[in-house]
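Below is one structure; the comments refer to it alone.
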Amino acid sequence: MQGEFQIEPPFSARRIVVAMSGGVDSSVVAALAVQTGAETIGVTLQLYDHGAATGRTGSCCAGQDIRDARAVADRLGIAHYVFDHESRFRDTVINDFADEYMAGRTPIPCVKCNMGVKFTDLFALARDLGADCLATGHYVRRVMGPQGAELHRAADPARDQSYFLFATTQAQLDYLRFPLGGLPKPQVREIAASLGLSVALKPDSQDICFVPDGDYAAIVRKVRPDADDGGEIVHVDGRLMGRHKGLIHYTVGQRKGLEIGGQAEPLYVVRLDGAARQVIVGPKRALAVRAAVIEDANWLADDLSGPVLAKVRSMAKPVPARLDGGRLVFDTPEYGVAPGQAAVLYDGDRVLGGGWIAQTEAAELEPA
């Protein structure tokens, strides 16, 4: 085993396929692959074409990004292929994104993309190209443990992307490589600059890659024209509080934008009822959750019986919890737990796996 790519020498007899999104991270991975002496092939998936998104700096897998990936491949002297997966991305990611919002859930399209077009489709492409491994620019670590490859958090906590990769299967993990998992981002940019890569100062991707200017509601409306249909705002105690302008404008934990005044205490979005098109609101204590029901789980460890750390939002800190069948029970009430989000379990830095939050159980705290 050798270096960041964890493949057996001689490297001159090896082939590495690199998923190139056009950003600095995947470009540096391609450069590191070339430096091993292995034959390196860059692959880019064209995933969407939504006008302004394709020219926006720091997007992913469209327009300028594809041109940037090609320019880096030319600089490195490697083959570069572009595959059009736009229709599959639309069906499995964009349409799902819209449907989740319409159902009152909070989607994570980055996970669905990794589960489908990125890892599943790229995995197959890399296999077809006869590669020894598929390398990506994700900030996670692949660590060899007693039972085989394990998924671990990145060395740089600020860059860690393990939450978005919980659905990686063991078969995929055996084939994938993440050369940047042990590096801080500034060092990655230094490598790019030292090699004269044109993307060295390119901004990181922001928000959801296929959403121009961060206006996700516009994308949902485009896919589902009835997304702006209004409905009732109802208090958790059953009182009618007003009208809302469409479920796509609200998320669990939201306080601003409810346009409900004259209340004794601030109100928050507690849950969204897609079937009834209702926004349910209540005081902050109503957001407290004692447990969440998990579905469609993917586990990367055999023993899940002990205490774990659970992360229920991409920006949340992992909190102590335990798994009880299909229920994730928190040691202390957790806030901002939303159906549609992922619950990812850790043992220290190791990712044990995770699943999708199907429903939550209120903690029923005493009134303040």
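Could you list all residues from the range 1-31 that are part of a strand (DSSP E or B) and at pLDDT 95 or above? Give the derivation first.
Step one: filter the range 1-31 for residues part of a strand (DSSP E or B), giving 2, 7, 15-19.
Selection gives ARG15, ILE16, VAL17, VAL18, ALA19.
Against the conditions (1) at pLDDT below 95; (2) surrounded by 16 or more Cβ atoms within 10 Å (Cβ to Cβ); (3) over 15 Å from SER162 (Cβ atoms); (4) out of contact with any Lys or Arg (no Cβ under 6 Å at 6 or more places or on another chain), where does ILE357 fall short? Just the number, please.
Checking ILE357 against (1) at pLDDT below 95; (2) surrounded by 16 or more Cβ atoms within 10 Å (Cβ to Cβ); (3) over 15 Å from SER162 (Cβ atoms); (4) out of contact with any Lys or Arg (no Cβ under 6 Å at 6 or more places or on another chain), the one that fails is (1).
I want to confirm something. Restricting to the range 32-52 and keeping residues that are surrounded by fewer than 20 Cβ atoms within 10 Å (Cβ to Cβ) and out of contact with any strand residue (DSSP E or B) (no Cβ under 9 Å at 6 or more places or on another chain), which single residue is modelled with the lowest pLDDT?
ALA52
Filter the helices (runs of 4 or more DSSP H) completely within the range 60-148 down to those with at least 2 residues that are free of Cβ contacts under 8 Å to residues at least 40 places away in the same chain. Working first, answer last.
Details: elements: 64-76, 86-89, 95-102, 109-113, 122-128.
Hits in the range 60-148: 64-76, 86-89, 122-128.
Do you know which residues across the range 149-166 are assigned to a loop (DSSP other than H, G, I, E, B) and open to solvent by less than 20 Å² (accessible area, probe 1.4 Å)?
If we filter the range 149-166 for residues that are assigned to a loop (DSSP other than H, G, I, E, B), which is where we start, we get 154-161, 166.
The answer is ALA154, PHE166.
From the list ALA264, ALA276, which residue is loosely packed, with under 14 Cβ neighbours inside 10 Å and closer than 13 Å to MET102 by Cβ? Explain how you work it out, then say what you get.
Numbers: ALA264 fails: closer than 13 Å to MET102 by Cβ.
The match here is ALA276.
Kindly provide the set of residues from the range 260-301 that are of a type in the set (Gly, Ala, Ser) and within 25 Å of the chain's Cα centre (by Cα), ordered by number. I'd like the intermediate steps shown before the answer.
Filtering the range 260-301 down to residues of a type in the set (Gly, Ala, Ser) leaves 261-262, 264, 274-276, 282, 286, 288, 291-292, 297, 301.
The answer is GLY274, ALA288, ALA291, ALA292, ALA297, ALA301.
The values are calculated or read from the model by the stated rules, or taken from the named source; none is laboratory data. None of the values given here were measured: they were computed from a predicted structure. Methodologically, a virtual Cβ is constructed for each residue, glycine included, from the backbone with ideal geometry; neighbour enumeration extends over all protein chains shown. The area values use the complete protein model at the heavy-atom level, side chains included, leaving out ligands, DNA and RNA. Shrake-Rupley method; radii C 1.70, N 1.55, O 1.52, S 1.80 Å.
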